Amino acid sequence: MANRALQQIAVRLGVSPPQVALAWLLRQDSVIAIPQATRQEHVRENYGALGFQLTPTHLMDLEQAFPARRMGDT
């Protein structure tokens, strides 16, 4: 959650970095996101990840900050 791109996008959207991360993961094919939900605050925060749209610029910034790994990559 300390990644600069993640934090900047969160500030621009007025949401938390975990919400940005979860929203981005939910858009990925072949990815199953299992977010932490041990407290009611976690459940509400997780649900909030569905309440905003990541723009193409946001997606590009996230893809640069977190390049996709392919099978066989180290």
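The values are calculated or read from the model by the stated rules, or taken from the named source; none is laboratory data. The shown structure was predicted, so the numbers you read here are calculated from the model rather than taken from an experiment. Every residue, glycine among them, receives a Cβ derived from its backbone with ideal geometry; neighbour counts consider all protein chains shown.
Of all residues in the stretch 18-56, none satisfies the criterion of being of a type in the set (D, E, K, R), farther than 21 Å from Gln8 by Cα and in contact with a Pro (Cβ under 9 Å, 6 or more places away or on another chain). When restricted to residues that are aliphatic (A, V, I, L, M) and exposed (fewer than 10 other Cβ atoms within 10 Å of the Cβ), the stretch 48-60 contains 0. For the stretch 17-34, a residue qualifies if it is β-branched (Val, Ile, Thr) and loosely packed, with under 15 Cβ neighbours inside 10 Å, and the qualifying residues are Val31, Ile32, Ile34.
Within the option set Ala37, Ala21, being modelled with pLDDT of 95 or more and among the aliphatic types (A, V, I, L, M) holds for one residue only, Ala21.
Name the residue, out of Thr57, Thr38, that is farther than 28 Å from Arg70 by Cβ and among the polar types (S, T, N, Q).
Thr38 is the lone residue from the list that is farther than 28 Å from Arg70 by Cβ and among the polar types (S, T, N, Q).
Filtering the stretch 1-28 to residues that are touching a Gly at 6+ places or on another chain (Cβ under 7 Å) and in a helix (DSSP H, G or I) leaves only Gln19. Taken together, Glu63, Glu41, Glu45 contain a single residue that is without any contact (Cβ under 8 Å) to a residue 40 or more places away in the chain, in a helix (DSSP H, G or I) and loosely packed, with under 10 Cβ neighbours inside 10 Å, which is Glu41.
In this structure, is Gly14 out of contact with any strand residue (DSSP E or B) (no Cβ under 9 Å at 6 or more places or on another chain) and exposed (fewer than 13 other Cβ atoms within 10 Å of the Cβ)?
Working: out of contact with any strand residue (DSSP E or B) (no Cβ under 9 Å at 6 or more places or on another chain): yes; exposed (fewer than 13 other Cβ atoms within 10 Å of the Cβ): yes.
When the stated conditions are applied, Gly14 passes them.
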